[in-house]
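> Shown below is the structure under consideration.
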Amino acid sequence: MLVYAEESAAPTNPLLSLSHIAPHIHATGLSQLYPHAAVKPPPELICSLTEGNGGIIKGYSPEWEGRLARELLAVNLRHDIMRVAVGSYNGQLMGLVKLQASDKYGRRFDAKALQEDAVTALSVAFQLDPQMQSVDVWAVVPANGTHDYDHLPVFSAYATRQDFFRATDEPRSSSLALAGLGLVRLSPTYLQYACCAGLDLLSMVPPTVYDTTPMLDNWEAHVAEAQARLAAANGARIDVLEGTNDGHGMAALTIDDGPHPLTTPLMLAVLRDRGVHATFFLVAEKAEEYPELVRRIVAEGHEIANHSYSHRRAHELNSAQMLAELTTCQRVLGGLTGVNTRYFRPPGGRLNESGLKAIAVSGHALVMWTTNADDWLKPAPSVIAANALKGLRPGGIVLMHQGSMESFNALPLIIDGAGQRGLRLCTVSELLAAGAAKITRMTTQEAMRHLQRLGFERE
């Protein structure tokens, strides 16, 4: 087991933005933090989530998960283990460890203990077997203050095997070890109540921490800003992407939702192995929870696109609410990657004219699909692949999702099936660049009629 020597302070880094306490830090120093840090989290955030949890093994790879669970239980982590999952692909293993955010002894948020447990969990997972290539560790609180199974992540760290051993090649604090892995997330909700056993809170936070206040916390302001933009927009027209069907042997692979722990790294491994790049339509709320996975998607050559902030259905929102969904998603993804998203796909594919107006004002191009894997229903991988490939032609756009093992297992079947049909799967931008698709500017009324002709539902 690795042992880490604590260091007195983490180096200063511009990415460190403890948003809820930053003014106090800069104005009066750390002395003001101690009364604040002594506040115990509300009971609804620290109630035990292990009662009735039904065991910690997810069931994807029971043998590997059982081994990992036993090793983790043996080291007696300070935080309860909620779930252990292991996925496998082509001789590689990828793991997930989900913890409860409050420590199991004092039921408090202890930043030092959580990060030490995260590093220990990563160490245990990577020492389990040389085939373990990446691991997600995250910690949760009950969502909406309720004791149910809809857990809200307040900490996340993603590590590849290579990055982990490079970050821990010499003794150092758990905070600095995590900093060597990439962007570690600690939410403001967690930090608001975090204690650190008498040590400076800043010394317990990785210098590469991502703790930006969620866009949802200032939602009314975003909607008001959207209303002002809409009022100033006169006759905005919307860009709509269409396939040209002109003989190019290309079709776009688009993957909605996420990022998701475990399944996103698994799908990235498949795409890397097959030499395919895809367009990931991401949900910004999930990007805020797992920021390093967003950066990994971009780093591995894939395209990211806008799938709204919260995944609410466009037809259930007015124009200002819809525009706020688009702009906040663009800001989150842009802040993480420096990429200004060009394309938008509405969750569920349902639109009305007010939604189309919001898309037009946002400047995004609308990207729908020509074949739907229907993998959100979680049928067998062979069924998902058959759905995705049925009627797929040059210039086509495949819709699938990340988040389930069925989708992950179907992905190689889809790639191989497209190849057997003489089609190379690519990103939306690659499809456009090759002339296998085009963008047409329309009025919102024209766009609605166009969608109806293609069989998309009007609401």
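The values are calculated or read from the model by the stated rules, or taken from the named source; none is laboratory data. In this text the structure is predicted, and so the values were computed from the model without any measurement. Don't worry about glycine lacking a Cβ; one is built from the backbone with ideal geometry, like all the others, and counts go over all protein chains shown.
> From the residues in region 366-393 that are β-branched (V, I, T) and not in a loop (DSSP other than H, G, I, E, B), which one is farthest from the chain's Cα centre (by Cα)?
Quick first cut of region 366-393, residues β-branched (V, I, T) only: 367, 370-371, 383-384.
Subsequent filtering for residues that are not in a loop (DSSP other than H, G, I, E, B) retains 371, 383-384.
Numbers: T371: 24, V383: 26, I384: 22 Å.
The selected residue is V383.
> Y309 passes all but one of (1) under 22 Å from A236 (Cβ atoms); (2) more than 14 Å from the chain's Cα centre (by Cα); which number fails?
If we test Y309 against (1) under 22 Å from A236 (Cβ atoms); (2) more than 14 Å from the chain's Cα centre (by Cα), just (2) comes out false.
Here is a yes/no grid of residues against (1) within 30 Å of Q133 (Cα to Cα); (2) surrounded by 18 or more Cβ atoms within 10 Å (Cβ to Cβ); (3) free of Cβ contacts under 8 Å to residues at least 60 places away in the same chain:
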{"site": "A221", "(1), (2), (3)": "no, no, yes"}
{"site": "R237", "(1), (2), (3)": "no, no, no"}
{"site": "P265", "(1), (2), (3)": "yes, yes, no"}
{"site": "L271", "(1), (2), (3)": "yes, yes, no"}
{"site": "E303", "(1), (2), (3)": "yes, yes, no"}
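> Next up: Quick one: which residue in A380, A410, A360, A373 is in the same structural domain as A284 (by TED's automatic domain parsing) and out of contact with any Ser or Thr (no Cβ under 8 Å at 6 or more places or on another chain)?
Answer to the check: A380.
> Further question: Can we say S407 is among the hydroxyl-bearing types (S, T, Y), touching a residue at least 12 places away in the same chain (Cβ under 8 Å) and closer than 14 Å to N372 by Cα? Steps first, answer last, please.
Working: among the hydroxyl-bearing types (S, T, Y): yes; touching a residue at least 12 places away in the same chain (Cβ under 8 Å): yes; closer than 14 Å to N372 by Cα: yes.
Judged against the criteria, S407 is a match.
> What residue, among those in region 305-321 that are in a helix (DSSP H, G or I) and either in the same structural domain as G182 (by TED's automatic domain parsing) or touching a Lys or Arg at 6+ places or on another chain (Cβ under 7 Å) (or both), is surrounded by the fewest Cβ atoms within 10 Å (Cβ to Cβ)? So that I can check it myself, show each step before the final result.
Filtering region 305-321 down to residues in a helix (DSSP H, G or I) leaves 314-316, 319-321.
When the remaining residues are screened for being either in the same structural domain as G182 (by TED's automatic domain parsing) or touching a Lys or Arg at 6+ places or on another chain (Cβ under 7 Å) (or both), the result is 314-315, 319.
Details: A314: 26, H315: 18, S319: 23.
Applying the filter and picking the extreme gives H315.
> Output the residue which, of all residues in region 270-290 that are under 17 Å from the mean Cα position of the chain (by Cα) and part of a loop (DSSP other than H, G, I, E, B), is farthest from G419 (Cα to Cα).
First pass over region 270-290, keeping only residues under 17 Å from the mean Cα position of the chain (by Cα): 278-290.
From what's left, part of a loop (DSSP other than H, G, I, E, B): 278, 283, 290.
Details: A278: 15, V283: 29, Y290: 32 Å.
Selected residue: Y290.
> Quick check: anything in region 84-92 in the same structural domain as A143 (by TED's automatic domain parsing), free of Cβ contacts under 8 Å to residues at least 40 places away in the same chain and in contact with a His (Cβ under 8 Å, 6 or more places away or on another chain)?
No, region 84-92 contains no residue that is in the same structural domain as A143 (by TED's automatic domain parsing), free of Cβ contacts under 8 Å to residues at least 40 places away in the same chain and in contact with a His (Cβ under 8 Å, 6 or more places away or on another chain).
> Looking at region 273-301 only, could you name the residues that are aliphatic (A, V, I, L, M) and buried (at least 23 other Cβ atoms within 10 Å of the Cβ)? I'd like the intermediate steps shown before the answer.
Just the residues of region 273-301 that are aliphatic (A, V, I, L, M), to begin with: 276, 278, 282-284, 287, 293-294, 297-299.
Once the filter is applied, which keeps residues that are aliphatic (A, V, I, L, M) and buried (at least 23 other Cβ atoms within 10 Å of the Cβ), region 273-301 yields A278, L282, V283, A284, A287, L293, V294, I297.
> Given the structure, is A324 buried (at least 24 other Cβ atoms within 10 Å of the Cβ), within 19 Å of H364 (Cα to Cα) and under 11 Å from the mean Cα position of the chain (by Cα)? Even if it seems obvious, please write down each step before you answer.
Details: buried (at least 24 other Cβ atoms within 10 Å of the Cβ): yes; within 19 Å of H364 (Cα to Cα): yes; under 11 Å from the mean Cα position of the chain (by Cα): no.
The answer is no for A324.
> Another question, if that's okay. Among the residues of region 245-263, how many are of a type in the set (D, E), at pLDDT 95 or above and more than 21 Å from the chain's Cα centre (by Cα)?
Of the residues in region 245-263, 0 are of a type in the set (D, E), at pLDDT 95 or above and more than 21 Å from the chain's Cα centre (by Cα).
> Mind listing whichever residues of region 376-413 are modelled with pLDDT under 95, in contact with a helix residue (DSSP H, G or I) (Cβ under 8 Å, 6 or more places away or on another chain) and charged (D, E, K, R)?
K378
> In the same structural domain as H311 (by TED's automatic domain parsing), outside any helix (DSSP H, G or I) and over 22 Å from the mean Cα position of the chain (by Cα): which single residue out of I415, I439 fits that description?
On the way: I415 fails: outside any helix (DSSP H, G or I).
After applying the criteria, what remains is I439.
> Among the residues of region 408-433, what is the count of those that are farther than 20 Å from F344 by Cα and of a type outside the set (D, E, K, R)?
Restricting attention to region 408-433, the residues satisfying the condition of being farther than 20 Å from F344 by Cα are 408-424.
Those left that are additionally of a type outside the set (D, E, K, R): 408-415, 417-420, 422-423.
Here the count works out to 14.
> Quickly run through region 189-208 and pick out the residues that are more than 17 Å from R172 (Cα to Cα) and modelled with pLDDT of 80 or more.
Those that are more than 17 Å from R172 (Cα to Cα) and modelled with pLDDT of 80 or more: T189, Y190, L191, Q192, Y193, A194, C195.
> Continuing with this model, one more query. If R342 meets every condition in (1) surrounded by fewer than 23 Cβ atoms within 10 Å (Cβ to Cβ); (2) over 25 Å from Y290 (Cα atoms) apart from one, which number is that one?
(2)
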